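The values are calculated or read from the model by the stated rules, or taken from the named source; none is laboratory data. Treat the numbers as computed from the prediction; the structure is a model and nothing was measured. Cβ coordinates were reconstructed from backbone atoms using ideal geometry, including for glycine residues, and neighbour counts include every protein chain displayed. Calculation scope for accessible area: heavy atoms of the full protein, side chains included, ligands and nucleic acids excluded. Shrake-Rupley method; radii C 1.70, N 1.55, O 1.52, S 1.80 Å.
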Amino acid sequence: MSFFHICEEARAENPSQGSDIAVLIVSGEIDYGASPRLRERIHDEIGAGRRHLVLDLSAVTFIDSMALGVLVGAVTRLHETGGSLRVVCALENDRVLRIFDIAGVASSIALHHSREEARSALARSQQGEASPWAGQTMTIAIPSGPCLPDDTSATAAARKYAHDAVTASDNQPDSARRSGVDEMA
């Protein structure tokens, strides 16, 4: 049996945090057994009116494809409400970062080194300085910095995979896109 735990950062720790922002801290293994609980918790936050989520995965030791599907589904749902998902993954957690890269989602999910960095990027996007989404269609934001490896052929292939997936979903009706993501997640 694997270990999985999720909790919300106390609002008292960050009083400037708006009511439409939730910071969730996840630890352990996000696998087949834990993914539905993560999806439910994210859906609860969105249902409670949270449009922006910061998901701290710094203490996650393993993440599988089902969990990645949950994150992609969350990005899609939040995007529909004008919101965003920010994922925190410490540099030392190269095992999880590598899975993001291999799966091709590292370029479509905003990755940050710390909660403070994620909050700062979120504040900038809310002020209109660095919006993570442009227009009505989903665009791929390619984060830069030391969180992602240099642009090797593997990274370039992952970025192409993510781009092709988004482009293919842009050619489908909204209902087909949503149902496909929900089924995947």
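Figures for the structure shown
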item	result
Residue, modelled with the highest pLDDT, within the range 1-19, restricted to residues that are open to solvent by 70 Å² or more (accessible area, probe 1.4 Å) and not in a helix (DSSP H, G or I)	His5
Wholly enclosed helices (runs of 4 or more DSSP H) of the range 20-114 bearing at least 1 residues open to solvent by less than 10 Å² (accessible area, probe 1.4 Å) and within 16 Å of Glu8 (Cα to Cα)	35-47
Residue check for Thr61: polar (S, T, N, Q) and closer than 18 Å to Tyr32 by Cβ	yes
Residue in the range 115-131 that is nearest to Asp56 (Cα to Cα), counting only those that are touching a residue at least 12 places away in the same chain (Cβ under 8 Å) and open to solvent by less than 50 Å² (accessible area, probe 1.4 Å)	Ala118
Selection within the range 64-82 - β-branched (Val, Ile, Thr), farther than 23 Å from Glu116 by Cα and touching a helix residue (DSSP H, G or I) at 6+ places or on another chain (Cβ under 7 Å)	Val70, Thr76
